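In what follows, a structure is listed as structure tokens, so that the remarks can point back to it.
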Amino acid sequence: MSDNVTAILRASGLNPDHAKVRPITGGVSSETYAVSLPDGDVIVKQALAMLKVKEQWSADPGRIVAEGQGLEWFHSLTPDYVPRPLAVIEDLHGLVLPMAPQPCPDLRTVIIESPELFRPEWVDTLAHLLNIWHTADPGGARGTRLDDTTRLVELRIEPFYRNMASRWPEYEKAIVGLAEELLTARTAVVHGDFTPKNILCLPDGGLWVIDTEVCHIGNPVLDSASMLTHLVLKSFLYKSHERVKPLLAQARRQFLGALSPASAPKSLGAHVGLFLGVRVAGRAPVSYLSSESMKNVELMSRALLRGASLAEEEEKWLM
């Protein structure tokens, strides 16, 4: 067992003796472990200072405190859908969480590997959560780590927005404007990484939202654009699949139609365009699309950054 895991467990008041530890793979920003203890199972996370990606990408590991505060905030608003942290160990950059009921694949895995298990009603639930979160008064988060945009800059503005502005200088003015919108419109506590990989699908059909390390008081469009981007990307993946294609089309319509005005401003399509660009021509490319689909996603991304309608671009590429 890792000395770090042992230290985090002890600092949390848990006895690491006889613990069974299994690394959880897939994440790039932390080391994560499933830990079986005599009194129950927990998840232990330790934030990394250097993310596990091809390009150099560093971030303050102290963000683990904000992640814990974000989970506490969303748990207080929607307790059935967000786990409450058991402990945050700041000096070890550690977080201890309850283990979700098993099996609990994330939504990304379900859509890509087991699309027959995908439930369109899940997107109604996700939109409902955003509506609650994005209309809640953020006053209670003022003065906490959530009232700090450092992680937004380190984990989204710099590697995504400003990086794409340098890669695609013809859209620099539009992208800089989108970034400024995220930094200045601070109206709600937002998740910051509201994507399928951070949604756990529970055995009873429920959902858990996790991984709030980018959580901050900011602009709600970041959450809705993040999720919608991934629904679009998965729709490209299944563009020729008779059964899954209409399910994802329905999911996109349901999600967008269920969002409150706070979560779906006029700039939503442009932010989706930015994130699509990041996923095919930027710092965080997806690995599951064909070269032809990657090219088409890029064309859609560029059109959205030029101001094209999201609905028209979906009709053009996905219907």
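Any read-out appearing in this document is the output of simple, stated calculations on the displayed coordinates, not a laboratory observation. Predicted, not measured: the structure shown is a model, and the values here were computed from it. Please note: Cβ atoms are built from the backbone with ideal geometry, for glycine as well, and neighbour counts cover all protein chains shown.
Taking 0.36 nm per residue of sequence separation and subtracting the Cα-Cα distance, how much length would be gained by fully extending the chain between D3 and D148, in nm to one decimal?
In short, 49.1 nm is gained.
Return the equivalent ellipsoid semi-axes of the chain as a descending list in whole Å, where each equals the square root of 5 times an eigenvalue of the C-alpha gyration tensor.
32, 22, 19
Using the Karplus equation 6.51 cos²θ - 1.76 cosθ + 1.60 (θ = phi - 60°), what ³J(HN,Hα) coupling, rounded to whole Hz, does each residue of segment 97-112 give in order, writing x for Gly and Pro?
After applying 6.51 cos²θ - 1.76 cosθ + 1.60, I find 10, x, 6, 5, x, 9, x, 9, x, 6, 4, 4, 4, 4, 5, 7 Hz.
Which distance in nm do the two modelled labels at E121 and E292 give, with both placed 7 Å along the Cα-to-Cβ direction?
Taking the two extended label points, one gets 3.7 nm.
List the residues whose amide H sits under 5 Å from the amide H of T212, counting only those 5 or more places along or on another chain, with H placed 1.01 Å from N in the peptide plane.
Under 5 Å from the amide H of T212: no residue qualifies.
Could you tell me whether segment 217-319 comes out rounded, prolate or oblate from its Cα gyration tensor? Rule is a ≥ b ≥ c as square roots of the eigenvalues, rounded for a/c under 1.5, then prolate if a/b exceeds b/c, otherwise oblate.
Because a/c hits 1.5 or more and a/b fails to exceed b/c, segment 217-319 counts as oblate.
Mean Kyte-Doolittle of at least 0.5 plus a Cα span of 20 Å or more along the axis: flag which DSSP H helices in the chain meet both, please.
Passing helices, by number: 221-237.
Please list, in chain and number order, the residues 5+ apart from I89 or on another chain whose amide H is under 5 Å from its amide H, with Hs placed from the backbone.
Sorted by chain and number, the residues that satisfy this are G94, L95, V96.
Within straight cross-link reach of K239, meaning Cα distance under 17 Å, which aspartates and glutamates are found once same-chain residues fewer than 8 apart are removed?
Counting by Cα, and skipping residues close in sequence, K239 has these aspartates and glutamates nearby: E113, E116, E292, E298, E312, E313, E314, E315.
Among 147-156, 186-195, how do they line up by average Cβ neighbours within 10 Å per residue, starting with the highest?
Averaged packing, sorted descending, gives the order 186-195, 147-156.
Residue by residue, what Karplus-based ³J(HN,Hα) values in Hz, rounded to whole numbers, does segment 16-25 have, using 6.51, -1.76 and 1.60 with θ = phi - 60° and x for Gly and Pro?
Couplings: x, 4, 6, 6, 10, 10, 10, x, 9, 8 Hz.
Quick one: check the C-alpha center-to-center distance for segment 10-54 versus segment 71-132, whole angstrom.
About 17 Å separates the Cα centre of segment 10-54 from the one of segment 71-132.
Given a cut-off of under 8 Å on Cα pairs at least six residues apart, what relative contact order in percent is computed for the chain?
Here the relative contact order equals 16 percent.
Given a Förster radius of 22 Å and the C-beta distance between A311 and E170 as r, what FRET efficiency does 1/(1 + (r/R0)^6) yield to the nearest 0.05? Before the final figure, lay out the partial values.
Details: r = 24 Å, r/R0 = 1.09.
Using R0 = 22 Å, I get an efficiency of 0.40.
Normalized C-alpha radius of gyration of segment 135-240, against 2.2 N^0.38 Å?
My calculation over the Cα atoms of segment 135-240 gives 1.19.
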